[in-house]
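Novice: Please see the structure below; I have some questions.
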Amino acid sequence: MWLFLVKAIYLFIPAALANMMPVVVRKHFKFLEVSVDFGAKFRGKRVFGDHKTLRGFVFGILTAIIIVGLQTYLHRFEFFQKISFINYSEYNFLLLGFLIGFGVLFGDAVESFFKRQRGIAPGKSWMPWDQLDLVIGGIAFISLYWMPPWELIVFTIIAAPLLHIGINLAGYYLGIKKNKL
């Protein structure tokens, strides 16, 4: 069980970092601060909103590619082979990283679309979709190249919201976040 958990965490490190990167770079690279919906509206509401930018997509995807590249390099060592679901030597790290990074950000953008359509403000919690968007997007796109075991898919869909809630609560009680969820 512990090995399965470690493998799941190791697999999703690129996804988690890709998901965080838009926030990390939001005050930099202003020339990429262009909304991915280019201001388009659907039924009178923004498709994604101003928070989904080319900058976020570019740096999120680059981050995932870099981390998968590092995982590919580390896979030559027995320890990393044991904690990997993927035999990285069999896959192109650029494509794998791109699919993970794009999938996570695409999942988040789709969730933003539905939030805008429902009138939910950016940054407001929408349980459980805020916790599942990146997981569903990441799994959907990585599955185009590497099929995760069904146990991993089920585990991730159950564990990700719990982990997300736990991290948010810790951030709130540590004074890092303004909202509990």
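The values are calculated or read from the model by the stated rules, or taken from the named source; none is laboratory data. Keep in mind it's a predicted model, so treat the numbers as computed, not measured. Here Cβ is always computed from backbone atoms with ideal geometry, including for glycine, and neighbour counts include all displayed protein chains.
Novice: When the residues of the stretch 1-36 are narrowed to those that are aromatic (Phe, Trp, Tyr) and over 30 Å from PHE79 (Cα atoms), which ends up nearest to the chain's Cα centre (by Cα)? Break it down stepwise before answering.
Specialist: Taking the stretch 1-36 and keeping what is aromatic (Phe, Trp, Tyr), we get 2, 4, 10, 12, 29, 31.
Now restrict to residues that are over 30 Å from PHE79 (Cα atoms): 29, 31.
Numbers: PHE29: 21, PHE31: 23 Å.
Checking each candidate, the answer is PHE29.
Novice: Somewhere in the stretch 142-150, is a residue buried (at least 18 other Cβ atoms within 10 Å of the Cβ), under 16 Å from the mean Cα position of the chain (by Cα), of a type in the set (A, V, I, L, M, F, W, C) and more than 30 Å from LYS178 (Cβ to Cβ)?
Specialist: yes
Novice: Name the residue, out of SER89, SER35, SER84, that is small (Gly, Ala, Ser), more than 23 Å from ASP133 (Cβ to Cβ) and surrounded by 15 or more Cβ atoms within 10 Å (Cβ to Cβ).
Specialist: On the way: SER89 fails: surrounded by 15 or more Cβ atoms within 10 Å (Cβ to Cβ); SER35 fails: more than 23 Å from ASP133 (Cβ to Cβ).
Checking each option against the conditions leaves just SER84.
Novice: Which residue is surrounded by the most Cβ atoms within 10 Å (Cβ to Cβ), if the candidates are limited to the stretch 38-58 and must be in a helix (DSSP H, G or I) and out of contact with any Ser or Thr (no Cβ under 9 Å at 6 or more places or on another chain)? Spell out how you get there, then give the answer.
Specialist: Step one: filter the stretch 38-58 for residues in a helix (DSSP H, G or I), giving 54-58.
Those still in the list that are out of contact with any Ser or Thr (no Cβ under 9 Å at 6 or more places or on another chain) too: 55-58.
Numbers: ARG55: 20, GLY56: 25, PHE57: 22, VAL58: 17.
Across the stretch 38-58, the extreme among qualifying residues is GLY56.
Novice: Among the residues that make up the stretch 17-28, is at least one of them charged (D, E, K, R), at pLDDT below 90 and in contact with a Leu (Cβ under 7 Å, 6 or more places away or on another chain)?
Specialist: At the first step, the residues of the stretch 17-28 found to be charged (D, E, K, R) are 26-27.
Okay, now just the ones that are also at pLDDT below 90, so 26-27.
Narrowing further to those that are in contact with a Leu (Cβ under 7 Å, 6 or more places away or on another chain): none.
Looking through the stretch 17-28, none of the residues is charged (D, E, K, R), at pLDDT below 90 and in contact with a Leu (Cβ under 7 Å, 6 or more places away or on another chain).
Novice: With modelled with pLDDT under 95, within 22 Å of the chain's Cα centre (by Cα), on the phi > 0 side of the Ramachandran plot and not aliphatic (A, V, I, L, M) as the only criterion, which of GLY49, GLY39 stands out?
Specialist: Numbers: GLY39 fails: within 22 Å of the chain's Cα centre (by Cα).
On inspection, the qualifying residue turns out to be GLY49.
Novice: Here's another thing I want to ask about it. Identify all residues within the stretch 59-81 that are among the aliphatic types (A, V, I, L, M) and surrounded by 20 or more Cβ atoms within 10 Å (Cβ to Cβ); write none if there are none.
Specialist: Within the stretch 59-81, the subset among the aliphatic types (A, V, I, L, M) is 61-62, 64-68, 70, 74.
Answer for the stretch 59-81, where residues must be among the aliphatic types (A, V, I, L, M) and surrounded by 20 or more Cβ atoms within 10 Å (Cβ to Cβ): ILE61, ALA64, ILE65, ILE67, VAL68.
Novice: I'd like the full set of residues that are among the polar types (S, T, N, Q) and in contact with a Lys or Arg (Cβ under 7 Å, 6 or more places away or on another chain), limited to the stretch 1-51.
Specialist: To start, the set of residues in the stretch 1-51 that are among the polar types (S, T, N, Q) comprises 19, 35.
Scanning the stretch 1-51 gives a single hit, SER35.
Novice: Would you mind telling me which numbered condition in (1) assigned to a loop (DSSP other than H, G, I, E, B); (2) free of Cβ contacts under 8 Å to residues at least 12 places away in the same chain PHE31 fails?
Specialist: Tallying (1) assigned to a loop (DSSP other than H, G, I, E, B); (2) free of Cβ contacts under 8 Å to residues at least 12 places away in the same chain, PHE31 fails exactly one: (1).
Novice: For ASN179, only one of the following conditions fails: (1) part of a helix (DSSP H, G or I); (2) touching a helix residue (DSSP H, G or I) at 6+ places or on another chain (Cβ under 7 Å). What is its number?
Specialist: So the condition that ASN179 fails would be (1).
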